């Protein structure tokens with residue numbers, strides 16, 4: 001048995017033992033684990049963004065454990081087993097990569113993505129390419145995935161300039177509605193601006209979700225630094241005017 005097989009079997013056996021003997025593990029259901037799994041995904045995301053390989057390793061282990069846990073629960077109900085999950089995934093990957101495991105020819109990554117989406121649509125008899133986008137995805141990530149999927153089958157602007165012109169068009173439409181105090185319409189147009197910006201980012205090779213998170217972290221770091229400077233003066237942030245705070249902020253930007 002390979003080292004990998006031994007390590008995997010050990011983890012599975014530990015999970016089975018915990019399910020049998022640990023009061024907490026015995027109580028868990030798919031529903032009780034669901035929010036914990038979501039949390040683990042976000043923790044992995046944080047580790048990736050911080051480029052911390054040790055944390056990435058740990059969070060990947062937590063996710064693997066969750067996968068095993070779900071399979072144990074399903075096996076108890078005679079629904080499916082871990083072997084069923086692994087074999088089904090292998091079959092799916094082979095089926096969706098006909099350019100590797102069959103005689104289909106592709107020119108580039110774009111054609112690979114297109115084939116992938118069309119095969120998914122056929123496999124599950126779904127009526128829409130977009131039916132695979134989870135409803136509970138965070139809003140911005142949902143927009144990213146919706147655009148990624150439709151672009152994968154060729155529903156996209158011809159060039160970068162056209163994609164950017166769409167952003168400008170949406171901004172102009174927002175300004176028009178806002179100036180007329182049509183706040184409901186302005187809200188709709190504001191959403192269109194964000195959607196078109198995400199699409200433009202994809203067009204030029206920028207992941208808007210990652211970009212915004214970097215900006216979040218940059219803002220938080222700078223604001224915390226400003227708070228620390230104010231704290232050293234033994235004052236509160238409310239003691240300063242907006243102009244004073246701007247001076248702090250701009251000095252930290254340098």
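Among the residues of segment 1-36, write down those that are part of a helix (DSSP H, G or I), in contact with a helix residue (DSSP H, G or I) (Cβ under 8 Å, 6 or more places away or on another chain) and either modelled with pLDDT of 95 or more or not assigned by TED's automatic domain parsing to the domain that holds residue 75 (or both).
11, 12, 15, 16, 18, 19, 20, 25, 26, 30, 33
So which helices (runs of 4 or more DSSP H) stay within segment 173-254 end to end and still have 1 or more residues that are closer than 30 Å to residue 162 by Cβ?
Helices (runs of 4 or more DSSP H) meeting the threshold: 183-203, 208-232.
Conditions first: (1) touching a helix residue (DSSP H, G or I) at 6+ places or on another chain (Cβ under 7 Å); (2) at pLDDT below 90; (3) in a helix (DSSP H, G or I). Residue 131 passes all but one, so which condition is the exception?
(1)
Assess whether residue 141 counts as being at pLDDT 85 or above, under 19 Å from residue 40 (Cα atoms), in a helix (DSSP H, G or I) and touching a helix residue (DSSP H, G or I) at 6+ places or on another chain (Cβ under 8 Å).
The answer is yes for residue 141.
Could you please find all residues in segment 144-163 being in contact with a helix residue (DSSP H, G or I) (Cβ under 6 Å, 6 or more places away or on another chain) and under 22 Å from residue 99 (Cα atoms)?
149, 152, 153
Hey, can you tell me all the residues within segment 114-139 that are surrounded by 13 or more Cβ atoms within 10 Å (Cβ to Cβ) and free of Cβ contacts under 8 Å to residues at least 12 places away in the same chain?
Across segment 114-139, the qualifying residues are 121, 137.
Sort out which residues of segment 29-60 are surrounded by fewer than 14 Cβ atoms within 10 Å (Cβ to Cβ) and in contact (Cβ under 8 Å) with a residue 24 or more places away in the chain, and write them in order of number.
29, 30, 36, 49
With respect to residue 230, determine if the residue is at pLDDT below 90 and buried (at least 16 other Cβ atoms within 10 Å of the Cβ).
yes
Can you report the number of residues in segment 148-167 which are under 18 Å from residue 111 (Cβ atoms) and assigned to a helix (DSSP H, G or I)?
5
Which of the residues belonging to segment 74-109 are more than 22 Å from residue 7 (Cβ to Cβ) and surrounded by 13 or more Cβ atoms within 10 Å (Cβ to Cβ)?
Once the filter is applied, which keeps residues that are more than 22 Å from residue 7 (Cβ to Cβ) and surrounded by 13 or more Cβ atoms within 10 Å (Cβ to Cβ), segment 74-109 yields 74, 80, 92, 95, 96, 97, 98, 99, 106.
The values are calculated or read from the model by the stated rules, or taken from the named source; none is laboratory data. Quick caveat, the model's predicted, so the values are computed rather than measured. Using ideal geometry, Cβ is built from the backbone for each residue, glycine included, and neighbour counts are taken over all protein chains shown.
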